[in-house]
Structures are given as C-alpha cells and as structure tokens.
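Written out below as structure tokens is the structure these notes cover.
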Amino acid sequence: MPFDHNDHYHRLLLRKLPAQGHGRTALDVGCGTGRFARRLAARGYTVDAVDPSAEVIAAAERIGGGPRFRRTDAASAALPKTHYDVITCLASLHHMPFRTVTRFRDALAPGGVLLVLGCYAGHTWWDLAAVPANAVARAGVSAGERLRGGGPAVVPAPVRTPRMSLAAVRDEASRLLPGARVRQLLYWRYLLTYTVT
C-alpha cells in the first residue's frame with residue numbers, strides 16, 4: 001500500500017494526545033473537511049472544528065461524524081480563554097501569522113496541549129533531496145486511491161506556500177511559546193508541541 005502522508009501524520013499526532021479523551025475538549029484549526037476532527041471525536045473529545053473556507057465547512061457538515069463545524073478564521077475569531085484540553089492545527093498555521101499560536105496558547109486549559117503539524121519553506125540540501133521522494137509518494141497514494149475507487153469527492157483546500165524556514169519557526173516558537181518543542185519531519189513538515197504548565 002502506498003505511503004499516505006495524512007494518515008501517517010494523523011497517527012503521529014494521535015500518539016501525542018492525552019491518554020483519556022472522554023470529557024475533554026478539542027479545537028481543530030483549519031479542519032478542512034474534518035478528517036482529523038472526526039478522529040478526535042472518535043477518541044471521545046468534544047470537538048470544535050473551524051476553517052475559514054465556506055466550501056470545505058459545507059462539505060464537512062455533509063459528511064458529519066461528531067465535531068461541531070464552524071466557518072471562522074482562528075487568527076481573528078474570539079476563542080474562549082483556558083477552555084480547550086487539546087488544540088490541533090494541521091498544515092494550516094502557514095496561512096496565518098505565526099504569532100497566532102499565542103491565541104491558541106491562551107485558549108488552552110491548564111495542562112492543555114497544542115499540536116501543530118506545520119509546513120516550512122525548504123532551503124537546505126535535505127529539503128531539496130526530498131523533492132523526488134515526495135513526488136513518488138504522492139503519485140503512489142493517488143494511484144492507490146484510484147484503484148480503490150476513491151472515496152467521497154474531495155473539496156480542495158486553499159493552498160499557500162510557506163514562507164518561514166524551519167530555523168525561523170524554531171526561533172519564533174521559542175520566543176512565543178517557551179518550552180515548545182519543534183521536530184523536523186519529512187516533506188517540509190514539522191511538529192510543534194507545547195503544553196501549558
């Protein structure tokens with residue numbers, strides 16, 4: 001079976017969640033059609049899932065599955081203070097100012113966890129070496145989906161090229177979220193983890 005980036009990264013994030021989801025709250029920022037938000041709901045979280053695109057929120061609501069979907073821009077919308085046990089942000093932080101992480105920090109309950117699967121601008125030899133591997137992996141996943149007959153029609157999410165380098169992401173995370181960890185992943189991705197103490 002071809003390597004599925006999304007499923008791989010979803011499983012990585014799910015391993016970072018608190019052991020018990022029941023009775024806890026989660027916010028999924030940039031939820032798209034809600035695939036990861038549904039995985040959070042299946043773990044017992046009460047999930048608010050937000051995205052600025054009316055089209056993808058409409059598609060998410062048609063699919064359903066547990067989360068409360070809402071069209072909103074998390075960079076400017078009012079977020080409840082100290083409310084969420086988990087906030088996730090998958091491949092969407094580069095669509096907003098990086099300092100938006102401070103809004104997420106403030107919305108976390110004591111002991112709450114922020115998980116950002118982010119995209120960075122690749123400039124190093126390692127980033128350039130990943131280009132052919134990424135193309136092959138994407139082609140394999142695409143072929144696998146066609147062979148399986150696909151699934152529901154996919155609504156394309158808006159795409160924006162990341163501008164921050166991984167070094168800049170690490171610097172800003174250190175400044176805005178003291179104690180945050182930033183781990184480099186394949187295919188110009190990073191995992192930022194932050195826990196409110």
Across the alpha-carbon set of the stretch 50-115, Rg over Rh with Rh taken as the Kirkwood radius works out to 0.97
Principal semi-axes in Å for the stretch 1-127 [√(5λ), Cα gyration tensor, largest first] | 21, 18, 17
Here the gain from full extension of T161 to R62, 0.36 nm per residue of separation minus their alpha-carbon distance, amounts to 32.8 nm
Full-extension gain in nm, R15 to D73, via 0.36 nm per residue minus C-alpha separation = 18.2 nm
The farthest towards the positive end of the charge dipole of the stretch 9-65, of the residues L12, A59, A26, given +1 on Cβ of Lys and Arg and -1 on Cβ of Asp and Glu, is L12
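Values quoted throughout were computed directly from the atomic coordinates according to the rules given, and no laboratory measurement underlies them. Bear in mind that the values here come from a model prediction, so they are computed numbers and not experimental data. So basically every Cβ, Gly included, is an ideal-geometry build from the backbone, and we count neighbours across all protein chains shown.
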